[in-house]
Every structure is written in C-alpha cells, then in structure tokens.
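Notes follow the structure.
The values are calculated or read from the model by the stated rules, or taken from the named source; none is laboratory data. Model, not experiment: these values are computed from the prediction. Cβ atoms come from the backbone with ideal geometry, glycine included; neighbour counts cover every protein chain shown. Heads up: the accessible areas ignore ligands, DNA and RNA and are worked out on the full protein's heavy atoms, side chains in. Shrake-Rupley method; radii C 1.70, N 1.55, O 1.52, S 1.80 Å.
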Amino acid sequence: MTRLTFAPGLWLATAVCLVQVHGFGAFGAELDDAIRRHRLGTLVISAPPGTEVRVEQLRHEFWFGAALASQMFGRRSADEEAGRYKKTFLENFNSAVTENALKWHSMERQQGQVDYSIVEAMLDWTTQHEIPLRGHNVFWGVPNMVQPWLITLDDAALRETLRTRALDIARRYRGRFAEYDLNNEMLHGNYYEQRLGTNITRDMATWMRQEDRQAVLYLNDYDILTGRRVDDYVVQIRNFLAQGVPIGGIGVQGHLHGDSFDSAALKAALDRLAEFKLPIRVTEFNFPGQRSKYYGKRGAVLSAEEEQAKAKALADYYRVCFAHPAVEGILMWGFWEGANWIPVSSLYRRDWSPTPAAEAYRNLVFKEWWTNWRGRADDGGRCEVHAFFGKHRVGAGDKSAVITLRRSEPTQRVTLSGP
C-alpha cells in the first residue's frame, strides 16, 4: 500500500502496489503508469474526524471474464462437477461469454428445430449472479460453420431465414445479453456476403435493432493482436462504418499467439483500433495459444519451468491490455482443463488444483489491482482514496455504503457522518 499526502491535513490513499514488470524494463514502468492514470478514480469520503475509514472493493468495472461451457448448463448442470465449475467461475470472474450455446449451428442443427435451453440456463444463472453475458455469436459466415441446410436455400429464402434468426434472437433476449458478436470472423470468410451482397451485415444489424433498439453489436476476429491482420481489420471496420453499420464495439481474439507473445505488436494493434473511439474487448484469450506446440495435444503436461513461463506471459498480457485505455475487458476462452479447447492454457487442472497461472491471475486481479484500504479521516472529517473503478463498500465507524466508482464519473463523494 502506498500513502501520499497532496495537501496539509488531507489523506490521499491508494491500495495499489504496482511494480515494474520483470523483463519489460521501461515498458513495464510505462504500463504501470498507464494503469494508474486510466484505471483509478477517487472516493472523497466525509466522516467524523479521526474515525477509521474502510474501503473494500467488491467488483471491478473492467471485465475480467471467461467463456461458459455448454455442458455445464445442460443435463450435467446439477452434478457435482458442474457445481464446482460454477463456484470457481464466480470466485475468479465478473463477466462471461457463451462459448458455443448461442452459435446458430449449435442451436438449430436441423431447420426449424431450435434448442434454446442452454442459452436460457446461462442467462438465468448469469442474471442471478449479476454477471454481464456476451452473446457469441448471432451469425458465423465462415463457410465451414454454415449449416448444410442453409446452403441448400435459394437467395430469397436464405435472406428471409437470416432475417428470422436475427429477429428471433433480438426479440427473445431483448435486454438480457450485454452485447453480441454480430457475424463472427468476417475477415476469414463470409458466406452470407458472397451469396447476398456487401450490405448483408448492415441488414443483420438493422434486423437486430428492429426488435432490440439497445442491442450492442460487436465485430469479432482473430490474428489481429499479433499484428498480422490488423491493417485488414482497420479497413473492414472503416467500410462497415461508412455503410452505416451500427458497430458498438471491436472484438479481438487472443488465440493466435504461440508459446510467447509480442508485447509491442499487441500494444500497437490496440493503438490502431483505438483510433475508432469504440470500446475494445479481448474476447477469446488462451495462453499458450493456437500456434503453440501444445495446440491439439489434449494430454500434454507442462513442466514446472513451462508453467512458470505461462504464468508470467499471462500476467504480462493482462498488464498490457489493462493499461490500454480503449480496452474494456478480457475474457478467457476456458479456465478449467476439463472444459477448455486448449487444455494446457487453463488456470485450473483437471483435479481443480490451481496452476501458477491461476495464482498470477488472481494476484493481479484481486491483489495488485484491488482496492483494500484502511485509514482515518483527517481533522476536517475528510479523506480521499484512490480506488480502482468498480463497486466498493465504504465504511466509517458503524456506518457503511456501497458505492460504484465509474470511469465515466471518476470522482464519487461519500458522506458517512451525522446521526
């Protein structure tokens, strides 16, 4: 904990203990400075002079999330393993994304036979626990992800079927999903555009907004944060905006690195995308990634040295993203080895024991970037506390209040005095 005085008799405190990242050198110090500038607000607390004041963070505003595995919300949802999965999720994450449940080819394998049950179970559970949920995805036009029955339709029938899907999802889930990936990975294939023309993405958005005017619609693609396709993505985003597509945010997947990542390329890609002044989410993060030697090796086991390298890389990746002012969240694409498409990237092993990466993640999110402060009001009955944006419980004596400190309103005043 660091305690600084900015004016006589005035306490200013921060529960932050930001240290230079080993191996990052001056870049690490730059990241820590950016975190201080972009992720901290101020609680101005009034309390009786000399009273002990307590500030305890309850939840981050920044999304530290993970994907939800469909099997944990289906027929197995009542078993002991599913219970452990959900408990561990709540202990680590404040936001979620549907891994497979909302994908059209999962919901409607056969034309006219739509299974809403897993999506409904996820929405019920996340709503109960106040977890914002991303809808991934409404459409996925990469050709091998398009159901065979869709391909047999003529153009008019295909267009009407897309419209029906958009209207159904938007109407059924109005106000329940925090945001959607509208049409996934369009840089890497778009069957619907090939068949129906370049305006089909705008039409998809229009249909969604027809039933849910507040629907937040994201683009989502991969190989962006490696730097390989960032230029292409920038061009695509500009074209969609010029068409009038109501883009609500930019999704960038975190799969395509290998056993290491290029921090400079990551930051540079985020800087390029930030020029659009739209929120950015790292929507699908794994480490090691899809270009790792471990990809596809389900029985692979990391050595102790490799586990430590994984933990450090994960912490460094999160630090770069958390330091960037345009990034509003990171969501892992799996956190448990028993339900993760790249098992070695998990925080928790099959037996639920934590990996060093779990410890590194929790140290960042719940210690280094977590407000937990004790102090006393000055002689004027006042103290100021630097706190990470999010929800906090503020107490003085026998009085307390729950306060949300938002980046959009970086100063909040709390009065805990009087009868």
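Points to keep in mind about this one:
- Selection status of Ala82, part of a helix (DSSP H, G or I), open to solvent by less than 30 Å² (accessible area, probe 1.4 Å) and in contact with a helix residue (DSSP H, G or I) (Cβ under 8 Å, 6 or more places away or on another chain): yes
- Highlighted here are the helices (runs of 4 or more DSSP H) found entirely within segment 142-203 that include at least 3 residues which are closer than 22 Å to Asp115 by Cα: 148-151, 155-172.
- Segment 210-247, subset small (Gly, Ala, Ser) and within 19 Å of Asn190 (Cβ to Cβ), residue most open to solvent (accessible area, probe 1.4 Å): Ala242
- Only one entry of Thr42, Thr14 meets the criterion of being modelled with pLDDT under 95, β-branched (Val, Ile, Thr) and open to solvent by 10 Å² or more (accessible area, probe 1.4 Å), and that entry is Thr14.
Rundown of residues vs (1) more than 23 Å from Arg134 (Cβ to Cβ); (2) modelled with pLDDT of 95 or more, yes/no style:
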{"position": "Arg202", "(1), (2)": "no, yes"}
{"position": "Ala205", "(1), (2)": "no, yes"}
{"position": "Asn220", "(1), (2)": "no, yes"}
{"position": "Gln236", "(1), (2)": "no, yes"}
{"position": "Gly251", "(1), (2)": "no, yes"}
{"position": "Leu256", "(1), (2)": "no, no"}
{"position": "Asp259", "(1), (2)": "yes, no"}
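- Where Val301 falls short, out of the listed (1) part of a loop (DSSP other than H, G, I, E, B); (2) within 19 Å of the chain's Cα centre (by Cα); (3) surrounded by fewer than 20 Cβ atoms within 10 Å (Cβ to Cβ): (2)
- Residue among Ser95, Ser117 that alone is of a type in the set (Ser, Thr, Tyr), buried (at least 17 other Cβ atoms within 10 Å of the Cβ) and either in contact (Cβ under 8 Å) with a residue 40 or more places away in the chain or farther than 30 Å from Phe366 by Cα (or both): Ser95
- Selection of segment 265-294 for residues being open to solvent by 20 Å² or more (accessible area, probe 1.4 Å), more than 17 Å from Glu185 (Cα to Cα) and not in a helix (DSSP H, G or I) yields Glu275, Phe276, Lys277, Leu278, Pro279, Arg291, Lys293, Tyr294.
- Of all residues in segment 379-392, those satisfying the criterion of being farther than 30 Å from Ala311 by Cβ and open to solvent by 20 Å² or more (accessible area, probe 1.4 Å) are Asp379, Gly380, Arg382, Glu384.
- Among the conditions (1) assigned to a strand (DSSP E or B); (2) modelled with pLDDT under 90; (3) open to solvent by 30 Å² or more (accessible area, probe 1.4 Å), the only one that Glu56 does not satisfy is (2).
- Arg134 assigned to a strand (DSSP E or B) and either among the acidic types (Asp, Glu) or surrounded by fewer than 21 Cβ atoms within 10 Å (Cβ to Cβ) (or both): no
- For Gly254, the conditions (1) open to solvent by less than 50 Å² (accessible area, probe 1.4 Å); (2) more than 23 Å from Ser345 (Cβ to Cβ) are fulfilled apart from (2).
- Checking Leu364 against (1) open to solvent by 10 Å² or more (accessible area, probe 1.4 Å); (2) touching a helix residue (DSSP H, G or I) at 6+ places or on another chain (Cβ under 7 Å); (3) of a type outside the set (Val, Ile, Thr), the condition it does not meet: (1)
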